[in-house]
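Worksheet: one structure, shown below.
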Amino acid sequence: MVFVLGGPGSGKGTNCAKIVDQFGFIHLSAGDLLREERNSGSALAEMINTYIKEGKIVPAEVTVGLLKSAMEKSGSTKFLVDGFPRDMDNLRCWQKNMTDRFSFYADVQFLLFLDCPEQVMTERLLERGKTSGRNDDNEESIKKRLITYVESTKPIIEEFRAKGKVRAVDSNRSPDAVFSDVALCFQAAAHK
Ligand code: ADP
Ligand code: AMP
């Protein structure tokens with residue numbers, strides 16, 4: 001299993017699609033799973049929608065539940081988990097619910113960290129917002145998402161870094177240059 005983190009607009013989705021093409025992982029995006037659940041009109045839809053618009057982290061039980069059932073449905077064990085773990089609660093909840101399947105650190109090969117300046121991420125998201133139809137690709141939501149990223153997600157990246165599990169790529173470059181370094185992380189992993 002590989003985790004993919006970085007700020008909003010750092011290129012997680014873009015690179016995950018390429019990793020899947022080249023290295024054959026099952027891609028599980030926490031954000032995509034939450035948007036799917038919201039669009040299904042389930043009892044949780046309204047609550048999820050509000051959290052996303054406010055750039056806040058959806059309660060961990062919901063996200064972990066969606067990830068767990070997507071994993072079970074896939075029948076695979078080779079996962080690229082994008083946008084997770086985004087905070088300490090995500091980490092704790094995973095440890096509580098997934099220990100029968102995955103040990104958090106032992107089974108995580110590495111965490112891919114896409115590193116990009118806030119200004120660049122903001123510009124990309126505003127551009128994406130012209131066509132994405134996402135209710136969080138606007139200036140107000142982006143500001144809130146960046147605060148959540150700095151306050152809640154960066155400490156998680158530091159925790160994985162302290163355990164020697166982070167592979168960082170500068171994602172403030174052309175898409176090809178970024179993916180070329182991302183691919184190197186996965187090739188190195190394949191030879192371990
Ligand atoms: P995330 O999944 O981290 O939110 P995306 O992969 O959706 O980020 O990328 C955000 C936006 O930036 C998208 O519109 C995407 O096409 C664009 N983008 C991604 N990587 C790059 C890059 N290296 N250079 C320029 N634009 C990029
Ligand atoms: P993303 O698609 O990764 O940009 O995520 C969009 C939004 O979905 C975030 O701003 C959060 O509101 C929510 N979200 C994504 N991943 C998680 C997660 N791991 N835990 C809780 N909420 C999440």
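Provide a single number: the residues in segment 41-50 that are of a type outside the set (S, T, N, Q), surrounded by fewer than 17 Cβ atoms within 10 Å (Cβ to Cβ) and assigned to a helix (DSSP H, G or I). Final tally of qualifying residues: 3.
With respect to the conditions (1) away from ligand 1 (no atom under 16 Å from the Cβ); (2) in contact with a Phe, Trp or Tyr (Cβ under 6 Å, 6 or more places away or on another chain), Pro59 falls short on a single one, namely (2). For residues that are in a strand (DSSP E or B) and under 11 Å from the mean Cα position of the chain (by Cα), scanning just segment 1-40, find the one that is nearest to ligand 2 (Cβ to nearest atom). Of everything passing the filter in segment 1-40, Ser29 is nearest to ligand 2 (Cβ to nearest atom).
None of Lys96, Lys18, Lys73 is of a type in the set (D, E, K, R) and modelled with pLDDT of 95 or more except Lys18.
With the structure loaded, tell me whether Val58 is without any contact (Cβ under 8 Å) to a residue 60 or more places away in the chain and not in a helix (DSSP H, G or I) or whether it fails that test. Even if it seems obvious, please write down each step before you answer.
On the way: without any contact (Cβ under 8 Å) to a residue 60 or more places away in the chain: yes; not in a helix (DSSP H, G or I): yes.
When the stated conditions are applied, Val58 passes them.
Criterion first (at pLDDT 95 or above, within 16 Å of ligand 1 (Cβ to nearest atom) and in contact with a Lys or Arg (Cβ under 9 Å, 6 or more places away or on another chain)) does Gly13 satisfy it? Spelling it out, it is not the case that Gly13 is at pLDDT 95 or above, within 16 Å of ligand 1 (Cβ to nearest atom) and in contact with a Lys or Arg (Cβ under 9 Å, 6 or more places away or on another chain). From Gly55, Gly6, Gly24, which residue is surrounded by 21 or more Cβ atoms within 10 Å (Cβ to Cβ), on the phi > 0 side of the Ramachandran plot and not hydroxyl-bearing (Ser, Thr, Tyr)? Gly6 is the lone residue from the list that is surrounded by 21 or more Cβ atoms within 10 Å (Cβ to Cβ), on the phi > 0 side of the Ramachandran plot and not hydroxyl-bearing (Ser, Thr, Tyr). Residues in segment 102-134 that are exposed (fewer than 14 other Cβ atoms within 10 Å of the Cβ), modelled with pLDDT of 95 or more and either assigned to a loop (DSSP other than H, G, I, E, B) or touching a Cys at 6+ places or on another chain (Cβ under 7 Å) (or both): Pro117, Gly133.
Considering only segment 41-50, I want to know if a residue exists there that is at pLDDT 95 or above, within 15 Å of ligand 1 (Cβ to nearest atom) and more than 13 Å from the chain's Cα centre (by Cα). Among the residues of segment 41-50, not one is at pLDDT 95 or above, within 15 Å of ligand 1 (Cβ to nearest atom) and more than 13 Å from the chain's Cα centre (by Cα), which makes the answer no.
The values are calculated or read from the model by the stated rules, or taken from the named source; none is laboratory data. The model shown is predicted, which means the values in this text are computed figures rather than measured ones. Using ideal geometry, Cβ is built from the backbone for each residue, glycine included, and neighbour counts are taken over all protein chains shown.
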